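The next block holds one structure in the form of structure tokens; read it before the comments.
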Amino acid sequence: MKRMAVVHDWLTTYAGAERVLEQLLYLYPDAELFSVCDFLPDPERAFLNGHKLRTSFIQGLPGARTHYRSYLPCMPLAMEQFDLSGYDIVLSSSHAVAKGVLTGPGQLHISYVHSPIRYAWDLQHQYLRDSGLDRGLKGWLAKWVLHRMRVWDARTANGVDQFVANSQFIARRIWKVYRRLAAVVYPPVDVSRFSLMEQKEDFYLTASRLVPYKRIDIIVEAFSSMPEKRLVVIGDGPGMEKIRAMATDNVELLGYQQLDVLRDYMQRAKAFVFAAEEDFGITPVEAQACGTPVIAFARGGACETIRGLDSSVPTGVFFSEQTPEALRGAVQKFEAVQGDILPKSCRDNALRFAPERFKSEIAVLVKKCWQEFQSTGRCVEEVPSSL
């Protein structure tokens, strides 16, 4: 009987990475779970399904519950303290440090990567600007910490036997950062929570946490210059005041809403607007599950989850620059061709990302890697079609 450990970065909320973890735990119910820290609220703990969980020394550090990210410089050390020597297979789910656990030559380590550490690699400069850490003494300290994180992150890539990326976009980032090939298994989206609605109303929708990289400012600015078109914005965050100051009468800000409200607006909207460069992007898939087309920035995972106008069954329209002008052009293009984008086509496209497909692909990959590892001591890395 193979013993398996599942390693996750940190547990503080039920978001995209935790949805992946949830399916891994369903797939491998006997696996033991490791994480830097666990501060999940009680109402969000059900997805752990009673799994035994071990945390690191960061769990007990002062202020870790609310400021766990401040301990980022300590997290590599925390990961390296987990003793995983008793496990045959280690499956890490990593967007930061989980892939850095220590394993031996007789252990198979498969790392499902949501992204290499974004703020330490190609998004470092954006992160520092958005955090006000691009100058001064604190800025230099932050840059030194991120430099050390890059050195550690690159070194620990050698301990992974098989990388798995959550999109072709992330597979390319893995190749750029680690010079390693990665299989691609798209993350699970619970499309069953969203139902098809073919009758649409005359408004556009965007929904996101209001943080800079989501670029909700671009969307609001674009619609503020199109007063005849109605935009509904769902979400809250540190950028709310800026967005509120930009919004005109045709832009309705609803703040944070529960799932049932978000789902209702998604079903009724004529299109969902998405301006971020995401690693994968769950929300556009959820919108398509409602039969709602997506107007999206043509970078990142959106290019893989949305079928553009060059497809025989389109599900959305792309724009090539993160500017209000480019988005306005895409809205105009969408209104000219919206009759060609069928709600059922959107729904059918979203079904490609259901949890059942994720579990099936992961199970096949793990089994194949284990067989190869037992016979040769290594995995034959798969070549992503985009490389």
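Please treat every number below as a calculation from the coordinates, not as lab data. As the structure is a computational prediction, the values presented were derived from the model and not from experiment. All Cβ positions, glycine included, derive from the backbone under ideal geometry; neighbour counts span all protein chains shown.
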**Request:** Could you compute the FRET efficiency for Asp249 and Ser320, with r as their C-beta to C-beta distance and R0 at 30 Å, rounded to 0.05?
**Result:** 0.55
**Fill in**
For segment 186-194, in residue order, the Karplus 3J(HN,Hα) values (coefficients 6.51, -1.76, 1.60; θ = phi - 60°; whole Hz; Gly and Pro = x) are 5, x, x, 10, 7, 5, 5, 6, 10
**For segment 328-344, 3J(HN,Hα) per residue [Karplus equation, 6.51 cos²θ - 1.76 cosθ + 1.60, θ = phi - 60°, Hz, x = Gly/Pro]** = 4, x, 5, 5, 5, 5, 4, 5, 6, 10, 4, x, 8, 9, 8, x, 5
**Request:** Compute the relative contact order of the chain as a whole-number percentage, counting only Cα pairs closer than 8 Å that sit 6 or more residues apart in sequence.
**Result:** 14
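At a Förster radius of 35 Å, what calculated FRET efficiency corresponds to the Cβ-Cβ distance of Ser195 and Asp122, to the nearest 0.05?
Working: r = 38 Å, r/R0 = 1.08.
With a Förster radius of 35 Å, E is 0.40.
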**Asked** Between segment 117-190 and segment 86-103, what's the alpha-carbon centroid distance in Å?
**Response** 16
**Asked** Which of the lysines could a cross-linker bridge to Lys229, judged by Cα under 30 Å and excluding same-chain residues fewer than eight apart?
**Response** Lys200, Lys214, Lys242, Lys270, Lys333, Lys344
**Prompt:** Using helices alone, what [θ] at 222 nm do you get for the chain, with -39,500 (n - 2.57) per DSSP H run of 4 or more residues, divided over all residues and rounded to the nearest 500?
**Reply:** -11000 deg cm²/dmol
**Structure-derived semi-axes √(5λ) of the Cα gyration tensor in Å - corresponding label in (i) 36, 25, 19; (ii) 34, 28, 18; (iii) 36, 21, 20** = (i)
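Could you give the size of the charge dipole of segment 191-352 about its Cα centre, using +1 on the Cβ of each K and R and -1 on the Cβ of each D and E, expressed in debye and rounded to the nearest 20? Each step should come with its number before you reach the end.
Numbers: 19 positive and 23 negative charges, 48 e Å.
Roughly 240 debye, rounded to the nearest 20.
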**Fill in**
Taking a ≥ b ≥ c as the square roots of the eigenvalues of the Cα gyration tensor, with a/c under 1.5 meaning rounded and otherwise prolate when a/b exceeds b/c and oblate if not, segment 191-352 is rounded
**Fill in**
HN-Hα couplings for segment 96-110 via Karplus (6.51, -1.76, 1.60; θ = phi - 60°), in whole Hz with x for Gly/Pro, come out as 9, 10, 4, 5, x, 5, 8, 9, x, x, x, 10, 8, 10, 10
**Message:** How would segment 315-385 be classified by its alpha-carbon gyration tensor: rounded, prolate or oblate, with rounded meaning a/c under 1.5 and the a/b versus b/c comparison settling the rest?
**Reply:** prolate
**Message:** Give me the net charge for the shell around Ala276: Cβ to Cβ below 14 angstrom, other residues only, Lys and Arg +1, Asp and Glu -1.
**Reply:** -1
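With a Förster radius of 51 Å, plug the Cβ-Cβ distance of Lys176 and Ser225 into 1/(1 + (r/R0)^6) and report the FRET value to the nearest 0.05. Provide the component values of the computation, followed by the final result.
Details: r = 36 Å, r/R0 = 0.71.
Working from the Cβ atoms, E equals 0.90.
Please report the net charge: other residues with Cβ closer than 15 Å to the Cβ of Phe169, K and R +1, D and E -1. Write down the numbers at each step before the final one.
Working: positive: Arg118, Arg172, Arg173, Lys176, Arg299; negative: Asp122, Glu277, Glu278, Asp279, Glu304.
My count for the surroundings of Phe169 gives 0.
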**Asked** Can you list the equivalent-ellipsoid semi-axes of segment 146-218, largest first and in whole Å, using the square root of 5 times each Cα gyration tensor eigenvalue?
**Response** 36, 19, 10
